[in-house]
Amino acid sequence: MAKKKTAKKKAAQKKAVKKKAVKKQGGKKKGTKAHKKSGGKILAAAVSEITYKCASTCTASDRRAHMTPGSTVYLHALNTDVTIDFLHGSPFVPATNQIKLNQGDRLPFTVGNHGPNEVHFDYVLTCPGCKTSASNPEMIVP
């Protein structure tokens with residue numbers, strides 16, 4: 001009878017140790033953002049999407065998109081062709097000052113590392129079917 005109790009006790013201890021290990025890992029769940037350490041800061045390697053559409057004005061789903069170096073950003077032209085002209089360099093690797101998307105395109109771009117300071121990449125958005133463009137859209141890389 002004593003052997004059964006010690007076996008049960010050991011099993012309970014193993015279970016408690018496993019629970020502690022999961023708690024120490026921060027309770028990471030499947031599908032959460034992967035993290036990497038860069039320059040003393042913890043950055044999330046996120047995947048995001050910016051959707052462009054024409055609704056009397058050529059608009060971006062996020063006029064001030066914040067992006068993390070190393071992340072993948074999908075640019076999606078929803079119901080129109082779109083031209084993105086960066087005014088002072090591109091946030092992507094390799095650097096592309098002009099990006100053309102055909103209607104329905106959803107293309108991936110990798111965000112480059114632009115140093116420790118926040119960098120704003122202003123761009124002009126043009127849709128052939130729209131009369132006006134979104135005012136002052138930008139992509140921001142910390």
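Readers should treat all values here as calculations from the given coordinates under stated rules, not as data from a laboratory. Remember, it's a predicted structure, so these values are computed and weren't measured experimentally. We place every Cβ from the backbone using ideal geometry, glycine too, and count neighbours over all the protein chains shown.
Some observations on this one:
- In the stretch 69-118, chymotrypsin sites (Phe, Trp or Tyr not before Pro) in a DSSP loop with at most 14 other beta-carbon atoms within 10 Å: none
- Dipole magnitude (debye, nearest 20) for the stretch 47-141, charges at Cβ of Lys, Arg, Asp, Glu: 180
- The share of Cα pairs per 10 Å bin across the stretch 47-141, counted from zero up to the longest distance, runs 18, 55, 24, 3 percent.
- Using the Karplus relation 6.51 cos²θ - 1.76 cosθ + 1.60 with θ = phi - 60°, the per-residue 3J(HN,Hα) values for the stretch 61-78 come to 5, 9, 5, 10, 6, 9, 10, 9, x, x, 7, 9, 10, 9, 9, 10, 8, 6 Hz, with x marking Gly and Pro.
- Spin-label pair Glu118/Ser56, simplified geometry with 7 Å Cα→Cβ offset, distance in nm: 3.2
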